[in-house]
Amino acid sequence: YVTNQGCDLVAVFDLASKKLMRYIDVGSQAAIESPHQIKVSHDRAFWYTVFFSGSVFQKFDANTDELIGEVEIGEGSWNTFSISENDQYAYVVNWSANGSIAIIDLNQMELINTIGGNGSFEWPHGSMLNDVGDKLYVTAQHGNFIYKIDLNDLNNPNIQQITLNNTSPTTIAWLDPHELALTPDGEKYIITCEASNELRVMNPEDDSLLSVVPKATFTQEMSMSSDYTY
């Protein structure tokens, strides 16, 4: 599945032949809403998309590609989201100066809560759950840190700022962490840093820096192989 932000379409490719099979209309308005990210549920039954210039989160059948549900989450620059391992919850990130995170019940397609506002998150972007599913990590697009959110109490969540270079957290452009992901074995998580052109490899046990991997200019997105090698 590939988003087409300019025309509110999702392209569906056949993995074996690499051929484009069809386009799926997404969004709920006549205006362009710009689908930004797609994720498939862990049981491979559904896929979901979120909109950079919209106010809904949508759910599609992964066999028929038919829309089967949507939930209103409010206006925002909804960029990324994470799905819990049991496919029950989605955590959707609003990338803005005064950002927020919408928490959705995927079974009922209902908005449970929205956390943030009042300067809690500045330009939050990439998101990742730990292997237990009780902590949500979110990058701060500008600066040198990421957010770590305790999900055990969603009415009063504990939000920490985790520095990535052993200095005080700042929103001054420095590393500019964009995306992050847990390795399949759960032993590391990796952060792309678009300003410093590198990957930062972290220890999920104590959020310490394990290594720095220089990469090409403007490092942003990544995928990982399931056999741990790439």
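The values are calculated or read from the model by the stated rules, or taken from the named source; none is laboratory data. In this text, all values refer to a predicted model and were calculated from it rather than measured experimentally. Here the Cβ is made from the backbone with ideal geometry for all residues, glycine too, and neighbour counts use every protein chain on show. Areas reflect the complete protein model, heavy atoms only, side chains present, ligands, DNA and RNA absent. Shrake-Rupley method; radii C 1.70, N 1.55, O 1.52, S 1.80 Å.
Tabulated values for the structure
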{"read-out": "Inter-residue pairs, beta-carbon under 6 Å, first in a loop (DSSP other than H, G, I, E, B) and in the stretch 210-230, second at pLDDT below 90, 6+ apart", "value": "226/184; 228/184; 228/185"}
{"read-out": "Tabulated pairs, the stretch 173-201, first open to solvent by 40 Å² or more (accessible area, probe 1.4 Å), second part of a strand (DSSP E or B) and of a type in the set (A, V, I, L, M), C-beta under 8 angstrom, 6+ apart or interchain", "value": "182/128; 182/129; 188/182; 188/201; 188/202; 188/210"}
{"read-out": "Index of the failed condition, residue 13 passing every other in (1) open to solvent by 80 Å² or more (accessible area, probe 1.4 Å); (2) on the phi > 0 side of the Ramachandran plot", "value": "(2)"}
{"read-out": "Residues of the stretch 30-45 satisfying the condition of being over 25 Å from residue 124 (Cα atoms) and either touching a residue at least 60 places away in the same chain (Cβ under 8 Å) or open to solvent by 80 Å² or more (accessible area, probe 1.4 Å) (or both)", "value": "30, 43, 44"}
{"read-out": "Hits in the stretch 149-161 (condition: modelled with pLDDT of 95 or more and either in a loop (DSSP other than H, G, I, E, B) or buried (at least 17 other Cβ atoms within 10 Å of the Cβ) (or both))", "value": "149"}
{"read-out": "Qualifying residues in the stretch 50-76 (those that are part of a strand (DSSP E or B) and more than 24 Å from residue 125 (Cα to Cα)) - the one least open to solvent (accessible area, probe 1.4 Å)", "value": "69"}
{"read-out": "Enumeration of residues in the stretch 1-58 that are under 23 Å from residue 85 (Cα atoms) and of a type in the set (D, E, K, R)", "value": "39, 43, 44"}
{"read-out": "Flag for residue 110 being open to solvent by 60 Å² or more (accessible area, probe 1.4 Å), of a type in the set (Asp, Glu) and either within 22 Å of residue 140 (Cα to Cα) or touching an Asp or Glu at 6+ places or on another chain (Cβ under 9 Å) (or both)", "value": "no"}
{"read-out": "Residue count, the stretch 26-49 (criterion: outside any loop (DSSP other than H, G, I, E, B) and among the hydroxyl-bearing types (Ser, Thr, Tyr))", "value": "2"}
